[in-house]
Every structure is written in C-alpha cells, then in structure tokens.
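A.B. asks: I have a structure I would like to understand better, so I am pasting it below and will then ask my questions one at a time.
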Amino acid sequence: MKKNLNSVVMQFPFSRCAVMATTVLFLLLILFSSCQQRETDDPERPNTSKSAQHQENVALLSSAVHTSIKLFDGGTGGFHAYRIPSLVRTTNGTLIAFCEGRANSDNDYGNINVVCKRSSDNGVTWLPLQTIAGTTLGTWGNPTSVVDGDTGRIWLFMSWNDADHSEFGGGDTDPVDTWGQRRVKVTWSDNNGASWASPVDKTSTLLPATMTWDTMGPGVGIQTTGGPHPGRLIIPARRRNIYSDDHGATWQYLIIPKGTDEGTIVERANGTLMRNDRPGKTIWDIAKRRYISTGTIENGFSEFTAVSALPDPRCEGSILRYAGDRSRIIFLNSASETTRYNMTARVSYNEGQTWYASRRLHNTITPEEAAAQGKGGYSSMTKTADFAIGALVEQRELPANDNNHWSIEFQKFNLTWLLDGQPEP
C-alpha cells in the first residue's frame, strides 16, 4: 500500500516535499485566521484584522446611534433598589451587566446582593436576573469585573461585610473599625456568565493591614496590552491596584497615594497606567474636580492632581479605552460641581491630556429635566461587539425621599453620536 501511494503521488506535478509544504501552509493559514478572530473578539485589545478595522471605520462613518432602556427596575425582581453598576463584554461578545440588588431599602448597608443580566445581541435583549452572591444575609457590593481575553474567564471582585456593620455605623449598624470586618471576595465564570464559582475570600492577602473600611472599584478593571507584562489583569481598589500576572492564579497589590476612592483605571498608549478617581472630601473641597494619578505597577504612581477640565460632584465615574486603529479614551461622569444628574461623555485623542468633544448623555431633555427625573450617578462602560459604547447609568426614581427606589439604565451610543458632527482630529 505504501508503494502504491508513493506511485500515485509521483504521478502529479508536485513533489512529496511540495505536498508537505502545502499542508504546512494550510495549517498556518488556519492558525493565523484563528488568531485574527481572537484579536477581533478581545474586548480590551485593538482590532488588528483588516476586515474588523474596515467594519469599525464603516461604523464610525454611519449615522448616529443613541438608545436607552431601563435594564434594572427598582422595586421589581425582589429588590427595592439597584445601584453600583459594572459592565463588561466577554470574548464571545456577551454583555454582562452587574450591580447591587438592595433588598429592603436604598441604604449602602443591610441585605444587599450582587446580581447580573446578560445580553448576546449587543444589548437589544437581556436574559432574566441572576443572583451571583448574597444568598445569606450580608452586604455584598462594589462589583468590579474584568475579562481575561487570553483565557475567556470573567473575574468579579466584590466587597463584603455582615449586615450589622456599615462604613460609619448608624441605624441598627456598628461602624467598620477593625481590620477584616470588611472583606475582599472574588468569583469567576468560564462560560460567559451563565454560572459562577462560589466566592473565595482573599482578605488575608489583598487587604492591607492598616485598612479597615475598603472598596473594590466599583466598575471595571483592565487587561494590559503593553508595558512589561502584557496580559496583566488590574482591579482598581481603594488606595491600591490589585493585579495578577498569571491569569488570576495569584493576586497581589501595589499601594498608591492617598486622597481618593472609587477608582477607575486605563492603560495609555505607552504602556503606563492612569487612575481617574473620585476625590475624598478634603481635596474635593479644593477644586471640585476629578483627580488623576499616573504610573506603573513596577515604579509606583504619582500624587493625585485635579483635572481642571473634569468638574465632578464627588461621584464615581467610568473610563474606557476605545480600542481601534488610533488612540481614543472615553470618559463618563456627572460633569458638574453640584449635581449628579448631568451625565456627560467625553473623548480624548491624546491619552487624556485634553478632551476633544463631549455630549450630555440625556441630551433630549434639559439638564433641569434630567435632574427632576433623577437621571445620573454611578456608571460603567464597555465597547460592544458592533463598535458602539454600552453604558450603565443609575437613575434615582422620584419623588425623592429618604428611601428611594433606584434603577439602572442601559445606554448605547456610538462615536458618531458623541462627536455630534465634528470630524475626528
């Protein structure tokens, strides 16, 4: 049989070596195609394939897109209020929207669960509510998620304390004043959010010995593409950056300068990192602005400084590198010194040094109407698979009182809408 096969091969105008070379070339083409698709699917990394970049350029030149739905409706689904959003896109394009489900009130303490909803069509429709953590009484909160584009695993960091404690005490609670009363918890999913591991306690290794009160994020982390450790996972947390260089097998932290909390983080084009944080009360009184710090895990971070172009009422904000063929950073916050109801998206083309264009998210109503409807507060953003920006934004349901229902909107807009007629620089 071997002799007959060789005879057949020799009848063709290809040598045996040519056949082998053709086979190897075919396998390499399959591998290259797979890598291209992985680059395209990775939510945090630039689209490097020509077809993906062509689609993105077409999307950028298309008509403006801006839609909004109420995704988490306070007073329904077994929860009095929904607050503190986190939004990511998985490697297969699924959107996962996390938040706190506050069972009995809108207080920051008490019986609070971490819940989520998922969408496989870029936010058009969503699956029913899932509870990820909180089957027993306690305060599960500050969801902060990140997608590992290399493994597909979604990591979700959370803060936890028992229902008898809160940050400052009050009501029926005592203050968190001892190390370990506020704990670091983490869970993960390997099936695009369909199911989640039981939360693991990481307090002993990830909570500094000098800290009592603690917060993860809230919002999202990042996976780096440059710097000394491409693929590094980073979770912003109070007074530190939590990170892993082995896809989450181990985690450690870097202490950063004091003065802020509720941090966001973005990687700059040169591989350095920028934290854009909510200021503490003392330094907020000085400038009423967002505060930034830049640096690296290896060499540390600079002192936080105010950004004159970013007014802020002391509220959480969200930041996103919009991956593509050029540098774009999107920032969203309550752009006011006095109110949380002036949600404004901005785009920078020079790594956050200046902001080229901005637009109010609730632009179809006046700022006064937005405030009257409670539209604004905490937010979280991700880039969708159809080249838009998905954003979760809080809404305080009215009439305002001491125990409001809170809801969360899913807003979706593209760069064309954000630029509002201006060409890219």
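A.B. asks: If you go through region 290-333, how many residues are of a type outside the set (S, T, N, Q), assigned to a strand (DSSP E or B), within 26 Å of GLN223 (Cβ to Cβ) and out of contact with any Asp or Glu (no Cβ under 9 Å at 6 or more places or on another chain)?
C.D. replies: Residues in region 290-333 being of a type outside the set (S, T, N, Q), assigned to a strand (DSSP E or B), within 26 Å of GLN223 (Cβ to Cβ) and out of contact with any Asp or Glu (no Cβ under 9 Å at 6 or more places or on another chain): 10 in total.
A.B. asks: Among the residues of region 107-139, write down those that are under 18 Å from the mean Cα position of the chain (by Cα) and in a strand (DSSP E or B).
C.D. replies: Correct list: VAL114, VAL115, CYS116, LYS117, ARG118, SER119, ILE132.
A.B. asks: Criterion first (in contact (Cβ under 8 Å) with a residue 24 or more places away in the chain, within 21 Å of GLU316 (Cα to Cα) and of a type in the set (Phe, Trp, Tyr)) does TRP251 satisfy it?
C.D. replies: On the way: in contact (Cβ under 8 Å) with a residue 24 or more places away in the chain: yes; within 21 Å of GLU316 (Cα to Cα): no; of a type in the set (Phe, Trp, Tyr): yes.
No.
A.B. asks: Just one of the numbered conditions (1) assigned to a loop (DSSP other than H, G, I, E, B); (2) closer than 21 Å to TYR82 by Cβ; (3) polar (S, T, N, Q) is not true of SER336; which one?
C.D. replies: Among (1) assigned to a loop (DSSP other than H, G, I, E, B); (2) closer than 21 Å to TYR82 by Cβ; (3) polar (S, T, N, Q), SER336 violates only (2).
A.B. asks: Tell me yes or no: at least one residue of region 398-414 is within 17 Å of the chain's Cα centre (by Cα), aliphatic (A, V, I, L, M) and either farther than 26 Å from GLY280 by Cβ or surrounded by 21 or more Cβ atoms within 10 Å (Cβ to Cβ) (or both).
C.D. replies: Yes, because at least one residue in region 398-414 is within 17 Å of the chain's Cα centre (by Cα), aliphatic (A, V, I, L, M) and either farther than 26 Å from GLY280 by Cβ or surrounded by 21 or more Cβ atoms within 10 Å (Cβ to Cβ) (or both).
A.B. asks: Also: Taking interchain pairs and intrachain pairs at least six residues apart, which have beta carbon atoms under 7 angstrom, with the first residue in region 262-290 and under 18 Å from TYR349 (Cα atoms) and touching a residue at least 40 places away in the same chain (Cβ under 8 Å) and the second in a loop (DSSP other than H, G, I, E, B) and of a type outside the set (Gly, Ala, Ser)?
C.D. replies: Close Cβ pairs (under 7 Å, with a partner that is in a loop (DSSP other than H, G, I, E, B) and of a type outside the set (Gly, Ala, Ser)) amount to GLU267/THR224; GLU267/THR225; ARG268/GLU351; ALA269/GLU351; MET274/ARG268.
A.B. asks: Next question, about the same structure. Under 9 Å between Cβ atoms, at least 6 apart or on separate chains: pull out the pairs that start in region 47-67 with a residue that is under 24 Å from ARG360 (Cα atoms) and among the acidic types (Asp, Glu) and end on any residue that is surrounded by 15 or more Cβ atoms within 10 Å (Cβ to Cβ) and modelled with pLDDT of 80 or more.
C.D. replies: Here the result reads GLU56/PHE387, each pair linking region 47-67 to a residue that is surrounded by 15 or more Cβ atoms within 10 Å (Cβ to Cβ) and modelled with pLDDT of 80 or more.
A.B. asks: THR344 passes all but one of (1) under 19 Å from LEU415 (Cβ atoms); (2) β-branched (Val, Ile, Thr); (3) crowded, with 19+ Cβ neighbours inside 10 Å; (4) in contact (Cβ under 8 Å) with a residue 40 or more places away in the chain; which number fails?
C.D. replies: Unmet for THR344, out of (1) under 19 Å from LEU415 (Cβ atoms); (2) β-branched (Val, Ile, Thr); (3) crowded, with 19+ Cβ neighbours inside 10 Å; (4) in contact (Cβ under 8 Å) with a residue 40 or more places away in the chain: (4).
A.B. asks: Please enumerate the residues belonging to region 383-425 that are under 29 Å from SER105 (Cβ atoms), part of a loop (DSSP other than H, G, I, E, B) and in contact (Cβ under 8 Å) with a residue 60 or more places away in the chain.
C.D. replies: Scanning region 383-425 gives GLU397, ASN403, ASN404, HIS405.
A.B. asks: Quick check: anything in region 72-95 surrounded by fewer than 18 Cβ atoms within 10 Å (Cβ to Cβ), modelled with pLDDT under 80 and under 13 Å from ALA385 (Cβ atoms)?
C.D. replies: No, the conditions are met nowhere in region 72-95.
A.B. asks: Is region 355-373 home to any residue that is among the β-branched types (Val, Ile, Thr), within 30 Å of ASN107 (Cβ to Cβ) and assigned to a loop (DSSP other than H, G, I, E, B)?
C.D. replies: Within region 355-373 (the criterion being among the β-branched types (Val, Ile, Thr), within 30 Å of ASN107 (Cβ to Cβ) and assigned to a loop (DSSP other than H, G, I, E, B)), the answer is yes, since at least one residue qualifies.
A.B. asks: Counting only residues that are β-branched (Val, Ile, Thr) and farther than 19 Å from LYS258 by Cβ, which one in region 196-220 is surrounded by the fewest Cβ atoms within 10 Å (Cβ to Cβ)?
C.D. replies: The selected residue is VAL200.
The values are calculated or read from the model by the stated rules, or taken from the named source; none is laboratory data. From a predicted model like this one, the values you see are computed outputs, not experimental measurements. Cβ: placed from backbone, ideal geometry, glycine included. Neighbour counts: every protein chain shown.
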